[in-house]
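The values are calculated or read from the model by the stated rules, or taken from the named source; none is laboratory data. Computed from a prediction, not measured in an experiment: that's the story for all the values here. Every residue, glycine among them, receives a Cβ derived from its backbone with ideal geometry; neighbour counts consider all protein chains shown. Only protein heavy atoms, including side chains, enter the accessible area calculation; ligands, DNA and RNA are left aside. Shrake-Rupley method; radii C 1.70, N 1.55, O 1.52, S 1.80 Å.
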Amino acid sequence: MFENEEKRFEVRRIKLWGSYKPTRSIDKTLMATPDPSASTDSPPAGQVIDLQSIHKNYDMGSETIHALNGVDCRMEVNEYVAIMGPSGSGKSTLMNIIGCLDRPSTGEYWLAGENVSKLNDKALARVRNRMIGFVFQTFNLLSKSNALQNVETPLLYSGIGRRERRNRALEALERVGLGDRTFHKPSELSGGQRQRVAVARALVNDPAILLADEPTGNLDTRTGEDIMALFEELYSAGQTIILVTHEPEIAVRAKRHIHLRDGEVTEDYLVENG
Amino acid sequence: MSLLESIRIALGAIRGNALRSALTILMIVIGVGCVIIGAAFGSGTQAAVQEQMNTLGTNVLSIWPGQSFGRGGVASSNRVSLTIDDYDALRRDSQFLSAVVPELRSGRQVKFGNKNIYGTVTGTTPNYMAVNNRELTHGRMITQSDLAARRRVAVLGYSIPTSLEFAPTSLLGRDISIGRIIFKVIGVFAEVGSSYGGPSVDDAIYIPLTTARFRVFGSDRLGSLSAEVKENIGVDMAMVDIERVLRREHKIRPGDPNDFTIMNRGVFSDMMQSITSTLSTYIIGILAISLLIGAIGILSIMLVSVTERTREIGVRKALGATRGNILTQFIVEAITLGALGGLFGIILGWLGSEAISSQFDMPLIVEMQTVLIAVAVSVSVGFLAGVWPAYLASRLDPIEALRHD
């Protein structure tokens with residue numbers, strides 16, 4: 001599985017330079033705009049994520065790989081969920097689908113009352129912009145831009161005016177305790193500070209979910225603790241957080257654990273640590 | 001996202017790679033610069049020719065000794081000559097000329113005080129001034145009585161007082177030595193400026209024809225003749241008339257070629273026009289080649305940039321950038337590169353034109369039209385070079401792009 005992923009990655013890179021036949025099969029009907037009549041069975045209020053038998057298949061020439069094999073899962077507003085599983089368990093695929101970077105092959109994904117599994121690219125970009133705050137393991141800050149500009153970026157794509165953008169970005173930076181580092185470039189910040197900028201950027205558009213992929217993976221233990229404390233603070237303030245990790249000591253901070261293996265949910269339980 | 005924001009992001013990206021960006025646009029800078037200078041040269045030349053035509057009029061013919069330039073250059077000057085006899089014959093026999101002006105020319109040492117210059121000395125007649133449309137700033141022109149008395153009087157070209165480092169007014173009535181003969185300065189001509197198709201008249205000194213013939217040069221061989229065509233007479237008819245008179249005077253047998261050349265001054269302007277238009281063709285060629293190279297430069301840099309910034313593209317997409325946003329961002333960046341190249345090229349071309357103008361006393365005119373075309377073309381080049389890389393960038397899969405390193 002892992003080897004296949006590597007191979008797939010190599011194949012995709014060629015895409016930039018020439019014609020190439022997509023290896024992933026995307027059902028054309030899924031690209032269409034959603035049918036308005038389908039919204040009648042929208043989920044109850046308070047439910048932010050509803051995954052209904054999500055499948056994700058990759059067509060690798062001769063064989064088809066089932067990265068996700070019927071995942072069903074619901075999450076409420078202000079939950080703090082850790083998605084766990086070993087490499088190849090499908091947790092990255094699930095994260096990409098939850099983060100609207102990818103669409104399920106079959107199944108429905110309702111995010112904050114909207115069926116996003118059938119949206120086109122442009123609509124998905126809008127959903128990512130408004131609903132999802134990404135925090136990556138490698139921070140993924142724009143290296144040529146300062147902290148403020150980094151945090152402003154999602155607002156830029158929301159079409160928000162200069163003044164409001166600046167105010168909201170400053171506010172978000174204050175919130176993560178970096179009010180005094182506004183004009184520093186990422187290279188002038190420590191790892192912990194960079195991740196705080198990333199969190200501020202994720203929060204600035206007031207997203208429905210904060211989606212963190214191994215947020216402490218590139219940090220030392222103490223700085224990692226600080227980031228986890230920040231997450232806890234945000235959770236207490238009402239933020240819905242989804243943490244993707246394979247480290248049990250990080251996952252233990254979450255209130256609910258979902259374990260994946262071979263593309264299926266094997267365990268889903270609440271953690272009783274308070 | 002507004003266009004302004006896109007430009008701001010583009011400028012940020014260009015600044016982030018300042019050296020590389022500068023090298024990328026260098027070709028466009030040089031190309032546009034060359035074109036601006038070339039076009040300025042063309043415009044300047046055209047304007048100068050136009051001005052000359054306006055002052056001289058097209059009804060003045062020049063007659064030069066030797067064969068037409070078209071048949072392998074001027075024939076040997078000791079065999080061929082144009083003399084004062086020819087001048088007299090033309091005055092006497094031609095039907096269509098209202099005035100004939102002889103110019104008996106030779107270089108001579110000119111001394112004033114301890115100043116010593118070398119100048120063209122021209123022996124001529126009073127009507128020189130009217131036919132050639134010259135004006136005096138000081139003093140008077142040579143008169144018929146000067147001519148009759150072979151007086152040693154001189155009218156100076158505009159640049160002569162400057163060369164002698166003496167004010168024109170204080171030179172009037174003073175004695176200067178021309179080829180060791182003392183002349184009295186009686187007048188100074190107004191400036192003509194650069195002239196095409198003849199020796200610079202501002203550097204010449206004018207003396208009576210008779211004085212030149214009998215006292216200074218001891219020769220009746222003319223440098224050239226000017227002939228003014230009568231009103232309502234075609235220049236072509238006048239040329240035939242002159243040819244008839246001179247062939248008879250020179251005893252040229254039928255079928256033999258002329259040993260003189262009649263030039264319509266309009267020919268100079270035609271010549272300049274054709275040079276200018278040839279130049280324009282070259283300019284367009286240079287423009288096309290340099291902009292093609294510039295476009296390839298921008299294209300390759302943008303392709304590298306897209307590959308290099310794959311992760312950035314992924315991040316931007318994750319944060320909500322649509323394909324359109326990414327497409328716009330990269331196209332705007334390429335256009336900005338092109339526009340910057342054009343801008344610096346215009347500055348380079350303008351400075352270059354100024355420098356050449358002042359250094360070589362050539363009129364170079366940078367026209368607004370050229371500048372606007374340069375801007376439009378460089379922007380278009382940026383756009384064309386940016387479309388494909390921008391398209392590739394916009395098509396990147398965010399998941400793949402985020403994994404890229």
Next on the checklist: I'm trying to understand the selection: among the residues of segment A:208-219, which are open to solvent by less than 10 Å² (accessible area, probe 1.4 Å) and closer than 20 Å to A:Y157 by Cβ?
Outcome noted: A:I209, A:L210, A:L211
Next on the checklist: Regarding segment B:268-280, can at least one residue be identified that is modelled with pLDDT of 85 or more and either part of a helix (DSSP H, G or I) or surrounded by 21 or more Cβ atoms within 10 Å (Cβ to Cβ) (or both)?
Outcome noted: no
Item to check | Flag for B:A288 being more than 14 Å from every other protein chain (Cβ to nearest Cβ) and without any contact (Cβ under 8 Å) to a residue 12 or more places away in the chain | outcome: yes
Checklist entry - Which pairs have Cβ atoms under 7 Å, sit 6 or more apart or on different chains, and link a residue in segment B:11-23 that is open to solvent by 50 Å² or more (accessible area, probe 1.4 Å) to one that is in a helix (DSSP H, G or I)? => result B:L11/B:T336; B:R20/B:I301
Checklist entry - So which residues in segment A:65-80 are modelled with pLDDT of 90 or more, open to solvent by less than 70 Å² (accessible area, probe 1.4 Å) and out of contact with any His (no Cβ under 9 Å at 6 or more places or on another chain)? => result A:C73, A:M75, A:N78, A:E79, A:Y80
Checklist outcome for this item: Residue count, segment B:25-49, condition open to solvent by less than 10 Å² (accessible area, probe 1.4 Å) and within 17 Å of B:I289 (Cα to Cα), comes to 5
Checklist entry - Just to be sure, is B:T328 touching a residue at least 12 places away in the same chain (Cβ under 8 Å), at negative phi and open to solvent by 50 Å² or more (accessible area, probe 1.4 Å)? => result yes
Item to check | Search result, residues across segment A:83-134 that are in contact (Cβ under 8 Å) with a residue 24 or more places away in the chain, among the polar types (S, T, N, Q) and either touching a strand residue (DSSP E or B) at 6+ places or on another chain (Cβ under 7 Å) or closer than 21 Å to A:I65 by Cα (or both) | outcome: A:S87, A:S89, A:S92, A:T93, A:S105, A:T106, A:N115, A:S117
Checklist entry - Looking at (1) in contact with an Asp or Glu (Cβ under 8 Å, 6 or more places away or on another chain); (2) under 20 Å from B:D397 (Cα atoms); (3) not basic (K, R), can you tell me which one A:W110 breaks? => result (2)
Next on the checklist: One residue is enough: does segment B:273-280 have a residue meeting the conditions within 14 Å of chain A (Cβ to nearest Cβ) and without any contact (Cβ under 8 Å) to a residue 60 or more places away in the chain?
Outcome noted: no
Checklist entry - How about segment A:87-139: which of its residues are farther than 20 Å from A:Y157 by Cβ, hydrophobic (A, V, I, L, M, F, W, C) and away from chain B (no Cβ under 12 Å)? => result A:L94, A:W110
Item to check | Single match in B:S163, B:S145, B:S159 (criterion: assigned by TED's automatic domain parsing to the domain that holds B:S200, within 26 Å of the chain's Cα centre (by Cα), hydroxyl-bearing (S, T, Y) and within 30 Å of B:A99 (Cα to Cα)) | outcome: B:S159
Next on the checklist: Looking at the structure I just gave you, is A:G161 open to solvent by 20 Å² or more (accessible area, probe 1.4 Å) and without any contact (Cβ under 8 Å) to a residue 12 or more places away in the chain?
Outcome noted: yes
Next on the checklist: Condition first: open to solvent by 30 Å² or more (accessible area, probe 1.4 Å) and part of a loop (DSSP other than H, G, I, E, B). Now tell me which residues in segment A:220-270 satisfy that.
Outcome noted: A:D220, A:A237, A:G238, A:H246, A:E247, A:V252, A:R253, A:K255, A:D262
Checklist entry - Here are A:L142, A:L155, A:L148: which of them is free of Cβ contacts under 8 Å to residues at least 40 places away in the same chain and within 28 Å of A:L219 (Cβ to Cβ)? => result A:L148
Item to check | Single residue of segment B:296-308 satisfying the filter (in contact (Cβ under 8 Å) with a residue 60 or more places away in the chain and within 11 Å of chain A (Cβ to nearest Cβ)) that is most open to solvent (accessible area, probe 1.4 Å) | outcome: B:L303
Checklist entry - So which residues in segment A:217-274 are of a type in the set (S, T, Y) and in contact with a strand residue (DSSP E or B) (Cβ under 7 Å, 6 or more places away or on another chain)? => result A:Y235, A:T240, A:T245, A:T266, A:Y269
Checklist entry - Looking only at residues in segment B:129-140 that are farther than 13 Å from B:G157 by Cα and touching a Ser or Thr at 6+ places or on another chain (Cβ under 8 Å), which one is surrounded by the fewest Cβ atoms within 10 Å (Cβ to Cβ)? => result B:N133
Item to check | Which listed residue, of A:L189, A:L170, is more than 12 Å from every other protein chain (Cβ to nearest Cβ), aliphatic (A, V, I, L, M) and open to solvent by 20 Å² or more (accessible area, probe 1.4 Å) | outcome: A:L170
Item to check | Set A:L155, A:L142: member being facing chain B (nearest Cβ under 10 Å), surrounded by fewer than 24 Cβ atoms within 10 Å (Cβ to Cβ) and under 21 Å from the mean Cα position of the chain (by Cα) | outcome: A:L142
